[in-house]
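Worksheet: one structure, shown below.
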Amino acid sequence: MRRVVITGAGTVNPLAQTVLGTFEAMANGRSAIGPLDIRDVDRLSVKIGAQVRDWHPEQQFDRQSLPLLDRFAQFTLASARQAVAQAGLCFDGELADRSGVVLGTAGGGLNTTDDNYRSVYAEGKNRVHPFVVPKLMHNSGASQVSMAFNLRGPSFVVSSACASSNHAMGMAFQMVRSGAAPVMVTGGAEAMLCFGGIKAWEGLRVMSHDACRPFSLTRNGMVQGEGAAVFVFEDYDHAKARGAEILAEVAGFGMTSDASDIVMPSTDGAVRALGLALKDARLAPEDVGYINAHGTGTTANDRSETAAIRAVFGAAADRLPVSSTKAMHGHLIGGAGAVELLACLMALQNAVIAPTIGYEAADPECNLDVVPNAAREVRVSAVLSNAFAFGGSNAVLALRRA
């Protein structure tokens, strides 16, 4: 089997619109969560979120392209531009024919859906714009990336709620490792911060009204964010032959289904996903130097995830830094795993572990080293990134230092 490496990364997220800016914000423990600036916010009970501020799509896209791009696709395409530019790839000939794109999203073009439901139902309009379907479909971001970079191989989207990005990146990893594709552009995006999106999540009663505090005894729910992160996964031999800079190696992937409850997490499902990722990467528990936790800030998730990590890592869990960056950039739902993989890259490249900010008091059932409130300088050689989703979908990625 082929080795798989990351040769490019790009992002637009609430912390920054570049990878280096995101690293800086994470290292400084800066939160992007604040009051929502969306239409009809006064009708919402949850009025906070992590928005991408100062986003000017007209500066990113021409007048012909912009009407076809929902907000989530804008984030996707801008992030992909950064990633492909860093990788230094030009797709033509056989490379174009065999390379592809697989991305994760849970909501797709939800802003477009919300706007047009408003037009039809609230405003009584009898027509919608002919571009509505190309904008709202979940695969619009992946298709736009494939067209932008001439990626003529596999092009599709994975939608598995909060595990979407990790599933997409896991699929991309397996495709490159198997030889099905020499290069895959992968990651995920989400833009659900609209009235309909927030109102739907309010009904679940898992949202905080003031802040996200993962693993803290005082936590009271998750906070939504938006944005994207995109990576270039490449065959190691292909990357070395062209002299590419290698950011990290994708070492393994594990995925499971709880098959038990549509919203309540299962410790067993998480345990099996973690174990499969370690086995696939040929890592022992003591080899792992950092876990980027799913860490939503809900009571059920944080305790279940803690129990799973304890079960898999045993005594090694006492010395293992485990942090959640969602308190900084919010929960990006289908795009969460992609942005959180940036924290893993920062740990491997810069020897800086992102903190769990907002931590106030210890929960005896979350007795992990959660790197509370301040980043930590630690040199690590292997990391895991967790994603555990509604629907019982679990996906864990393992990375090694280049």
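The values are calculated or read from the model by the stated rules, or taken from the named source; none is laboratory data. Owing to the predicted nature of the structure, the values given are computational and were not obtained by experimental measurement. Here the Cβ is made from the backbone with ideal geometry for all residues, glycine too, and neighbour counts use every protein chain on show.
Scan segment 115-156 for residues that are farther than 30 Å from Val232 by Cβ and either not hydrophobic (A, V, I, L, M, F, W, C) or not assigned by TED's automatic domain parsing to the domain that holds Leu66 (or both) and report the count.
Going through segment 115-156, the residues farther than 30 Å from Val232 by Cβ turn out to be 115-130, 132.
Still in the list and also either not hydrophobic (A, V, I, L, M, F, W, C) or not assigned by TED's automatic domain parsing to the domain that holds Leu66 (or both): 115-119, 121, 123-127, 129-130.
Within segment 115-156, residues that are farther than 30 Å from Val232 by Cβ and either not hydrophobic (A, V, I, L, M, F, W, C) or not assigned by TED's automatic domain parsing to the domain that holds Leu66 (or both) number 13.
With respect to Val102, is the statement that it is β-branched (Val, Ile, Thr) and touching a residue at least 24 places away in the same chain (Cβ under 8 Å) true?
Details: β-branched (Val, Ile, Thr): yes; touching a residue at least 24 places away in the same chain (Cβ under 8 Å): yes.
Yes; evaluated as a whole, the condition is true for this residue.
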task = Need at least 2 residues that are closer than 18 Å to Ser164 by Cα per element, so show me which strands (runs of 3 or more DSSP E) inside segment 215-320 make the cut, counting only ones lying wholly within it.
result = 227-235, 248-257
ask   = Where residues in segment 116-140 are assigned to a loop (DSSP other than H, G, I, E, B) and of a type in the set (A, V, I, L, M), which of them is modelled with the highest pLDDT?
value = Met137
task = Go over the candidates Leu44, Leu68, Leu20 one by one and state the one that is out of contact with any helix residue (DSSP H, G or I) (no Cβ under 9 Å at 6 or more places or on another chain) and among the aliphatic types (A, V, I, L, M).
result = Leu20
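Restricting the search to segment 1-30, which residues are farther than 30 Å from Gly179 by Cβ, touching a residue at least 24 places away in the same chain (Cβ under 8 Å) and either crowded, with 19+ Cβ neighbours inside 10 Å or not polar (S, T, N, Q) (or both)? Break it down stepwise before answering.
Our first condition is that a residue be farther than 30 Å from Gly179 by Cβ; within segment 1-30, this holds for 12-18, 20-30.
With touching a residue at least 24 places away in the same chain (Cβ under 8 Å) added as a condition, the list becomes 12-15, 17-18, 22-23, 25-30.
Listed by number, the residues that qualify are Val12, Asn13, Pro14, Leu15, Gln17, Thr22, Phe23, Ala25, Met26, Ala27, Gly29, Arg30.
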note = Among (1) β-branched (Val, Ile, Thr); (2) surrounded by fewer than 18 Cβ atoms within 10 Å (Cβ to Cβ); (3) closer than 21 Å to Gly337 by Cα, Thr218 falls short only on (3)
query = Picking from Asp287, Asp258, Asp235, which residue would you name as being at pLDDT 95 or above, over 18 Å from the mean Cα position of the chain (by Cα) and in the same structural domain as Gln224 (by TED's automatic domain parsing)?
reply = Asp235
message = Out of everything in segment 55-82 that is more than 21 Å from the chain's Cα centre (by Cα) and acidic (Asp, Glu), what residue ends up being nearest to Lys326 (Cα to Cα)?
response = Glu58
